[in-house]
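**Student:** After the structure tokens below, expect a handful of questions from me.
The values are calculated or read from the model by the stated rules, or taken from the named source; none is laboratory data. All values derive from a computational prediction rather than experimental measurement. A quick note on method: Cβ atoms are made from the backbone with ideal geometry, for glycine too, and the neighbour counts reach across all protein chains shown.
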Amino acid sequence: MKNKTRHKLILFVALVFVSLLAQAQIVKLDPQNFEKKLQSLTNPVLVDVRTSIEFNQGHLKNAVLIDFNSADFKSRLSKLDKTKPVFVYCAVGGRSNAAVSILSETGFKEIYDLQGGISAWQRANKPITK
């Protein structure tokens, strides 16, 4: 009986460990730390989840537009490289927060969300591209 209990305990611990490894690392960063982390990586994936109108008014350099409200949002996200860290932002944080959940659910492992969105980015006098 003791061996069965021990084996069950070992199996349980192993399952917990594996599930922790499988979970996505989601990090919310203020504009300063978002910029630092973004610049520290080679070819990061940067996703703007706002509308095309918002995007055309100004966006972060090298951002890819994937409109959160578009019918093909999940499909377009699924085409991104899941092995790379992905950085997400919107106007103030609501859409990017929802997008982060979807990214996590679809297998992305390292996700960074810009706290306060591009509004906070601009208030911190960070550059935007038009």
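**Student:** Which of the residues belonging to segment 30-61 are within 21 Å of K84 (Cβ to Cβ), surrounded by 12 or more Cβ atoms within 10 Å (Cβ to Cβ) and polar (S, T, N, Q)?
**Tutor:** Once the filter is applied, which keeps residues that are within 21 Å of K84 (Cβ to Cβ), surrounded by 12 or more Cβ atoms within 10 Å (Cβ to Cβ) and polar (S, T, N, Q), segment 30-61 yields only N33.
**Student:** From L38, L20, L9, L15, which residue is among the aliphatic types (A, V, I, L, M), at negative phi, at pLDDT 95 or above and out of contact with any helix residue (DSSP H, G or I) (no Cβ under 9 Å at 6 or more places or on another chain)? Give the steps one after another, and end with the answer.
**Tutor:** Numbers: L20 fails: at pLDDT 95 or above; L9 fails: at pLDDT 95 or above; L15 fails: at pLDDT 95 or above.
Only one candidate passes the filter, namely L38.
**Student:** Cβ-Cβ below 6 Å, separation at least six or inter-chain, first residue in segment 98-124 and on the phi > 0 side of the Ramachandran plot, second in a loop (DSSP other than H, G, I, E, B) and at pLDDT below 95: which pairs?
**Tutor:** Pairs that qualify, where the first residue is on the phi > 0 side of the Ramachandran plot and the partner is in a loop (DSSP other than H, G, I, E, B) and at pLDDT below 95, are G107/K82.
**Student:** Now, a different point. Cβ contacts < 7 Å: first residue more than 13 Å from V49 (Cα to Cα), restricted to segment 69-84; second residue exposed (fewer than 14 other Cβ atoms within 10 Å of the Cβ) and modelled with pLDDT under 95, any location; separation 6+ or different chain. Result?
**Tutor:** If the second residue must be exposed (fewer than 14 other Cβ atoms within 10 Å of the Cβ) and modelled with pLDDT under 95, the pairs left are S78/T106; K82/G107.
**Student:** Considering segment 57-97 alone, what residues qualify as being closer than 17 Å to T129 by Cβ, part of a loop (DSSP other than H, G, I, E, B) and over 12 Å from the mean Cα position of the chain (by Cα)?
**Tutor:** The answer is G58, L60, K61, N62, A63, I66, A91.
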